[in-house]
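Presented below is the structure to which this report refers.
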Amino acid sequence: MALLDVRNLSVDFMTPAGALKAVDDVSFAVREGEVMGLVGESGSGKTVACRAMLHLLPPGRRRRVAGEAIFEGRNLMAMDDAELRAIHGRKIGMIFQNPSSHLDPLMTAGGQVAEPLIYHEGLTRKEARSRAIELLRQVGIPDPARAVDAYPHQLSGGMRQRVMIASAVACRPKLLVADEPTTALDVTVQTQILRLLLELRDKTGLAIVLITHDLAVIASTCDSVAVMYAGRIMERAPKPELVARPKHPYTMGLIRSQPSRAVPGRELPSIEGQLPAPGDLPSGCRFHPRCAFAAERCRRPPVDLEVAGPDHVTACLRWREIGQAA
Amino acid sequence: MSAPGISAGETAGASARLRRRVLGLPVLVHVGGAIVLTWLLLALLAPWVAPYDPIAQALDVALKPPNAAHLLGTDNFGRDLLSRIIWGSRLDLQMGVFGVLFPFLIGTSIGALSGYRGGVVDMLLMRLLDITISFPFFVLIIAIVATLGSGLLSFYIALALVGWVSYARIVRAQFLVIKHADYVLAARSLGFSPARIVFSHILPNAITPAIVFSMSDAVLDILLGASLSYLGLGIQPPTAEWGLMIAEGQTFIASAWWIAFFPGLAIVSLAIGFSMLADGFAEYFGLRE
């Protein structure tokens, strides 16, 4: 059974102009110890989907959230604040894109790692401090006995991200939602952080939802992948299958436009056009205005996910024809 | 040796780190702090450092200009001005501290509640604030003190009722911004209760401007207390208090200038001390250029 099973998740932001569909009928599942990549352009709804499922959307905005997120047999979407607090930090941790702004500037690194231990597990300050030093060591911070007293501004970006990871996994959660954890970091540091996440997975059986726009990150870390576009899942498959046999033109475009595949002297292929605005979505397949294979029936609903192989689903109506053409 | 990513100088012990941090404060903080600390010491040690009894009259030495026996001269009752100023510092410092403390606590709580909760709570509290500031500040203080009867307690009550508005505004504005800060979202993702998030993450980050303001507010409160005493609504004679001493010396300003001049100088010096502290800390926390 899956550790986390998200079913038909939809998020609408209510505006004076009407409801904006940020996430539309998204489903995916994560098994224990699995790294699931959620890939898509900025604005494709990947972050909103994960935050909605954890009730961590910015407060104040009017919205409508529908669907289920079954975690360990219980629906996160139906939980009240008190039940969620027992899940957050203890069972599900989250790390964010910008470690500089997601750490409290007035609290030491050790303090931020120790805080969940004191709060959730009732450790004394002293116990929590030594556990924090141990955790800082585990996430690869050199000289943790000294770093424990450092404030975030005294640490580099990579170190801050490590502190945030240590804080998120301090209470040994089952699931870590990592929202673009490497985007704000140097390329060399990116690799280290991804390796650290995989190490944590191997040691503790942690499952990870890795939100990213970078297919290279997916290729190097994930076990399975869900590709999102304009609030919808376009394709979902185990990673080797998706990379070798993509069944959706959008996935193919993403794979082709990776800088690592660039041929010297030739322009890097890109996907023409832009992501549609959530208030002005095309009918039918949302990708059809940018799709080289778009046909008349792509402009009309319904576009449902079709099974295109073992554990492989695609939202492309023409995946059979495209597969033969490619 | 310093580990990668950790700035040098993190090796030292806590006390050495504290010393370095104090030395690293702006010059304004050092000078202002020295002035305030001097007055604080004089106030605490008044019984031992004041050469004379501040209220003992000695009419044979009345109205003497500064001399060897009375360094700052004597007033019309022959009371030693230096002793009166030293004893007066007890009251004036107290007015500065307590005059700030209660408005600070009340204003911070209201501002935090208002900014964090928002909605109807915010609306009601802010209307209450509007009503309070729609009255002229001094007039309202004087009206409250006049109603409650003169004395320090009425002065503090009046300040608490009126002075909280500035703190509430400052803290509310900070809360409005910080409650949406990324590190608050991160704290929510760790499953902390709203109370913990407010007290351990938002408040420490929101309170700095209020602390800086409280230092300049202390100046105003000292001046206000002195003004009330001057008007006869504060400290009553023969107690030594700077504002009262100025009021008493006013009659003799042409013939015996020192009676009003030295208490005035004392007020100015303490006010400058607090102002420098406020400016220095503002500079240190990066609130002003």
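Just so you know, all these numbers are worked out from the coordinates, no wet-lab data involved. Remember, predicted model here, so these are calculated numbers, not experimental data. Cβ: placed from backbone, ideal geometry, glycine included. Neighbour counts: every protein chain shown.
Checked against a 24 Å cut-off, the cross-linked pairs A:174/A:239; A:21/A:91; A:126/A:174 give Cα-Cα distances beyond that limit for A:21/A:91; A:126/A:174. Computed over the protein assembly as shown, the P(r) tail beyond 35 angstrom holds 56 percent of alpha carbon pairs. Residues of segment A:55-80 falling in the label zone of residue B:182, defined by backbone nitrogen less than 18 Å from a point 7 Å along Cα to beta-carbon, are A:56-59. Based on the Kirkwood radius over alpha-carbon pairs, what is the Stokes-Einstein translational diffusion coefficient of chain A at 4 °C with 1.567 mPa s viscosity, in µm²/s? Calculated translational D: 62 µm²/s. With only Cα atoms counted, segment B:36-118 has Rg and Dmax values of 19.6, 67 Å. Only helices reaching 20 angstrom along their own axis (Cα) with mean Kyte-Doolittle hydropathy no lower than 0.5 count here, and for the DSSP H runs of chain B these are B:27-44, B:81-117, B:119-133, B:152-178, B:208-230, B:258-284. By the count of neighbouring beta-carbon atoms within 10 Å, fewest first, A:179, A:280 end up ordered A:280, A:179. Of the residues A:63, A:172, the one with the fewest other Cβ atoms within 10 Å heads the list, and the complete ranking is A:172, A:63. Per-peptide packing, taken as the mean over residues of other Cβ atoms within 10 Å, places A:255-264, A:115-124 in the sequence A:115-124, A:255-264 from highest down. As a ratio to 2.2 N^0.38 Å, the alpha-carbon radius of gyration for segment A:101-171 is 0.95. Peptide A:157-167 has a mean shielding of 1, counted as Cβ atoms of other protein chains within 10 Å of each residue's Cβ. Site pair residue A:42 and residue A:321 shows an inter-label distance of 3.5 nm when each label is modelled 7 Å from Cα along Cα→Cβ. If the viscosity is 0.890 mPa s and the temperature 25 °C, what translational diffusion coefficient in µm²/s does Stokes-Einstein give for chain B when Rh comes from Kirkwood over Cα pairs? Using the Kirkwood radius from Cα pairs, D works out to 114 µm²/s. The modelled label-to-label distance between residue B:161 and residue A:78, using points 7 Å beyond Cα along the C-beta direction, is 5.5 nm. Counting Cβ atoms of other protein chains within 10 Å of each Cβ in A:95-106 and taking the mean gives 4. For segment A:66-205, list log₁₀ I(q)/I(0) at each q in 0.14, 0.17 Å⁻¹, using the Debye formula over Cα point scatterers of equal strength and ignoring solvent, two decimals each. For the requested q values the scattering log ratios are -0.64, -0.93. Distance between the 7 Å Cα→Cβ label points at residue B:20 and residue B:57: 6.1 nm. Summarising the strand pairing of the protein assembly as shown, around 60 percent of its internal DSSP beta bridges are antiparallel.
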